[in-house]
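One structure below.
Any read-out appearing in this document is the output of simple, stated calculations on the displayed coordinates, not a laboratory observation. Predicted, not measured: the structure shown is a model, and the values here were computed from it. Every residue, glycine as well, gets a Cβ built from its backbone with ideal geometry; the counts of neighbours run over all protein chains shown.
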Amino acid sequence: MRLDELYSGPGVGFEAPMAMLAACHDRVRRTLDLIVRLQSHLAAQGVTDQARSAATDILRYFDIAGPSHHEDEARHVLPRLRESGLPDLQALADRLHDDHDAMQQDWQLLRNTLIAIRDGGTPVWPTDLAHRYVSRYRAHLALEEQVAFPAASHGLDAADEAAMGREMAQRRLG
């Protein structure tokens with residue numbers, strides 16, 4: 001399997017990095033939906049093998065792919081917004097950066113509960129925290145897709161896009 005197949009949807013790879021970032025959002029949404037389903041499952045059935053499996057999947061996504069995705073945005077989307085010279089886009093870059101920080105803080109708290117579930121423990125599910133995390137992330141994705149990604153793509157030529165894709169791939173190779 002090629003590295004770009006691990007991080008992209010069908011037909012979207014490092015050769016189209018902005019499209020790849022957008023495709024990642026579909027996986028983020030599926031994982032956020034899994035958090036919501038896990039919460040319902042825990043309320044109805046407690047910690048089961050299915051709950052442990054779901055916790056493992058959520059941890060895997062937000063511990064591995066999530067940070068890489070945020071790093072891609074920090075290196076390639078937010079600077080383009082800041083360099084636009086447009087105050088609204090510069091403010092958006094700051095907001096998205098702040099969202100990343102807040103989501104990371106919430107993730108660390110939610111992560112502890114998910115680790116306990118994965119390992120067979122029966123922790124109290126942090127309903128308010130999970131709701132805040134999912135809600136903030138969904139609003140964040142919408143802002144990126146509706147405003148940030150189109151603005152960051154504006155004026156992006158083939159050479160810039162190729163360099164961006166190479167950097168993203170190289171960083172994942174380690």
- Message: I need the phi-derived Karplus couplings for segment 157-174: 6.51 cos²θ - 1.76 cosθ + 1.60, θ = phi - 60°, integer Hz, Gly and Pro marked x.
- Response: 8, 4, 5, 5, 5, 5, 5, 4, x, 4, 5, 4, 5, 4, 4, 6, 6, x
- Task: Please turn the phi angles of segment 125-135 into ³J(HN,Hα) values with the Karplus equation 6.51 cos²θ - 1.76 cosθ + 1.60 (θ = phi - 60°), one per residue in order, whole Hz, x for glycine and proline.
- Result: 6, x, 4, 5, 4, 4, 4, 4, 4, 5, 5
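Run the dipole for the chain about the Cα centre, Lys and Arg Cβ at +1, Asp and Glu Cβ at -1, nothing else charged, and hand back the magnitude in debye, nearest 20.
Using Cβ point charges on Lys, Arg, Asp and Glu, the chain gives about 560 debye.
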- Summed side-chain charge close to MET164 - residues other than MET164 whose Cβ falls under 12 Å, Lys, Arg +1, Asp, Glu -1: -3
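In what sequence, highest mean first, do 59-70, 155-166 appear when ranked by Cβ atoms within 10 angstrom?
Values: 59-70: 16.7, 155-166: 13.4.
Averaged packing, sorted descending, gives the order 59-70, 155-166.
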- Query: If you build a Gaussian network model of the chain, linking Cα atoms that sit under 10 Å apart, which residue out of GLN90, GLN105, GLN45 swings the most?
  - Reply: GLN45
- Square roots of five times the Cα gyration tensor eigenvalues for the chain, Å: 32, 19, 12
- Note on the structure: What helix-only [θ] at 222 nm does the chain give? Using -39500 (n - 2.57) per DSSP H run of at least 4, over all residues, to the nearest 500, the answer is -24500 deg cm²/dmol
